[in-house]
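Read-outs throughout are calculated quantities, based only on the coordinates presented, and are distinct from any laboratory measurement. This one's a predicted model, so the numbers in the text were calculated from it and none came from an experiment. FYI the Cβ positions are ideal-geometry reconstructions off the backbone, even for glycines, and counts take in every protein chain you see.
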Amino acid sequence: MSAAGAAEVLSVGALTAHLAALLRGDRLLSDCQVRGEVSNYHHHRASGHRYFKLKDGSAELKCALFRNDSAGLTFEPTEGLAVLARGRVAVYEARGEYQLYVRELQPDGLGALYAAFERLKQRLGAEGLFDEARKRPLPAYPRRVALLTSLGSAAVRDLLRVLRQRWPALRIVLIDALCQGSDAPASLIRGLHLANRCDELDLIVIGRGGGSIEDLWAFNDEGLARAVAASRVPLVSAVGHETDFTICDFVADLRAATPSHAAQLAVPDQAELQQRLTQLAGRAGSGLERTVAGARWRLEAVSQRAIWQRPAALWEPWAQRLDDLDGRLQQAVGQAVEVAGRRLERAGTLLGALDPTAVLQRGYAIVRRAADGRVALQPADLPPGTAAEVRLAGGSVAVTVGS
């Protein structure tokens, strides 16, 4: 082959760089949107970058979403999720592969609903509407329950069947509401307000049967979620099947997997309760019999004691002790009287010795002046001519003092 007809020889790097330049210069590829399903998704935790593929029925495209471009990402991509990716197509020269460098990523179709669901869930959760602390226990034995659902649905038939079978005495209030479509949230909110105005209502069950995410979307309405949180009556949410979750489920006091399951949670089973009562009655009867038998045995054991054969033996020691105490009391009283008599005698003797009239018995006399009754203690107290009274042992005499 001649040199003139030979193709230019390029290195791998040169060829790859040339292709990269061509792609950079392409106006369409510098800013384009690509629709596809997420595949092989990987979030590199250390760097924060995300790598995945977009695929459809005929091809797949490698994608890279760097950390700086993912700041506005409102959802976490998952396998099979349909998305719209916007960015530029370029060559990753180290591998010689072209890929889409994503700047914006958003759900496509149903994915948008999932994203909206996650955003509302995060916001209401941050407000505390899902907190377990604010949720109330269900009444153990409800007397009146309201069912808020479409009255023409299979869900209400399932609810009624299970409720009546488990708790026949239950009073059921049926509140019809739209459970699907754009008007459903407002209809459900009105029904919920009506239920809260019912007298003596113990519990509300809200829900519907299964369906697609669009069918259940009314139960992801923010207004309905706040009405459920504000309900004065405890509320059970029973929306869809076991794998379906709605915002209403998270806000409600209790979430049931299905409407039938909600009926089982709402009321006890009368048959089970009767069986339980029968078991408790049997246990109570057996316990009572054991208690009576034990009491009878203890009574017989006590009745065989010697004290019951001769009851007087119980009080005779106390009677004897009482006699002893009485004797000791009499003796103490006698001694006290004797001591008091001797003290009285000594006091009388002492008092007699101090009596001034006793001195008169020994020949002494007491002289008083008649004018003022003062006792004369010396001759100067009785000048001549003074009238006086002389008191002797046998009586008194009046005298006049001479010169």
Original post:
Along the Cα-to-Cβ line of ARG134, 7 Å from the Cα, sits a label point; which residues in region 216-248 have backbone N less than 15 Å from it?
Top reply: 222-235, 247-248
Subject >> Relative packing of 117-126, 231-240, 261-270, which averages over residues the other C-beta atoms within 10 Å, highest first >> reply: 231-240, 261-270, 117-126
Original post:
What is the P(r) of region 99-157, as percent of Cα-Cα pairs per 5 Å bin from 0?
Top reply: 4, 12, 10, 10, 14, 18, 14, 7, 4, 4, 3, 1, 1
Original post:
What is the calculated FRET efficiency for GLN275 to THR243, with r their C-beta to C-beta distance and R₀ = 41 Å, to the nearest 0.05?
Top reply: 0.80
Original post:
Taking the Cα atoms only, what angle lies between the long axis of helix 270-303 and the longest principal axis of the chain, rounded to 10 degrees?
Top reply: 30
**OP:** Evaluate the distance, in nm, between pseudo-label points positioned 7 Å from the Cα of ALA64 and of GLN361 along their respective Cα→Cβ axes.
**Re:** 14.7
Original post:
Add -39500 (n - 2.57) for each DSSP H run of 4 or more in the chain, then divide by its residues: what number comes out at 222 nm, to the nearest 500 deg cm²/dmol?
Top reply: -13500 deg cm²/dmol
Original post:
Could you give the distance between the Cα centres of region 150-199 and region 206-221, to the whole Å?
Top reply: 14
Original post:
Under the Kirkwood approximation for Rh and a Cα-based Rg, what ratio Rg/Rh is obtained for region 323-403?
Top reply: 1.45
Subject >> Distance between region 1-74 and region 229-262 - C-alpha centres, whole angstrom >> reply: 46
Subject >> Most mobile listed residue (VAL162, VAL91, VAL173) in the chain, GNM with C-alpha springs under 10 Å >> reply: VAL91
Original post:
Shape call for region 45-115 from the C-alpha gyration tensor, a ≥ b ≥ c root eigenvalues: rounded (a/c under 1.5), prolate (a/b greater than b/c) or oblate?
Top reply: oblate
**OP:** Pull out the extension gain between HIS49 and ARG157, defined as 0.36 nm times the separation in residues minus the alpha carbon to alpha carbon distance; nm, one decimal.
**Re:** 33.8 nm
Original post:
For the chain, what number results from the quotient of the Cα radius of gyration and 2.2 N^0.38 Å?
Top reply: 2.70
Subject >> Selection from LEU280, GLY211, ALA353 lying farthest towards where the dipole of the chain points positive, charges on Cβ >> reply: ALA353
Subject >> Radius ratio Rg over Rh of region 1-81, counting only Cα atoms, Kirkwood formula for Rh >> reply: 1.15
Original post:
Stretched out fully, how many nm does the piece from ALA312 to LEU194 gain, at 0.36 nm a residue minus the Cα gap?
Top reply: 34.6 nm
**OP:** Quick one: grab the alpha carbon gyration tensor of region 265-353, order the square roots of its eigenvalues as a ≥ b ≥ c, and give me rounded if a/c is under 1.5, else prolate or oblate depending on whether a/b is larger than b/c.
**Re:** oblate
Subject >> Long-range amide H partners of GLY211 with built H, under 5 Å >> reply: HIS241
Subject >> Convex hull of Cα atoms in region 309-352, direction-averaged projection (nm²) >> reply: 2.7
**OP:** May I ask for the Rg/Rh ratio of region 359-400, computed from Cα atoms with Rh as the Kirkwood radius, given to two decimals?
**Re:** 0.97
Subject >> Computed magnitude of the charge dipole of region 12-108 (debye, nearest 20; Cβ of K, R +1, Cβ of D, E -1) >> reply: 240
Original post:
What FRET efficiency comes out for the pair ALA371/GLU338, r = Cβ-Cβ distance, R0 = 60 Å, nearest 0.05?
Top reply: 0.70
Subject >> Net length gained if the chain between ARG232 and GLN33 were fully extended (0.36 nm per residue, minus Cα distance) >> reply: 66.7 nm
Original post:
Between ASP56 and GLN122, what is the spin-label point distance in nm, taking each point 7 Å from the Cα along the Cα→C-beta axis?
Top reply: 2.9
Original post:
Near GLY72, within a Cβ-to-Cβ distance under 10 Å, what is the net charge of the other residues, with Lys and Arg +1 and Asp and Glu -1?
Top reply: -1
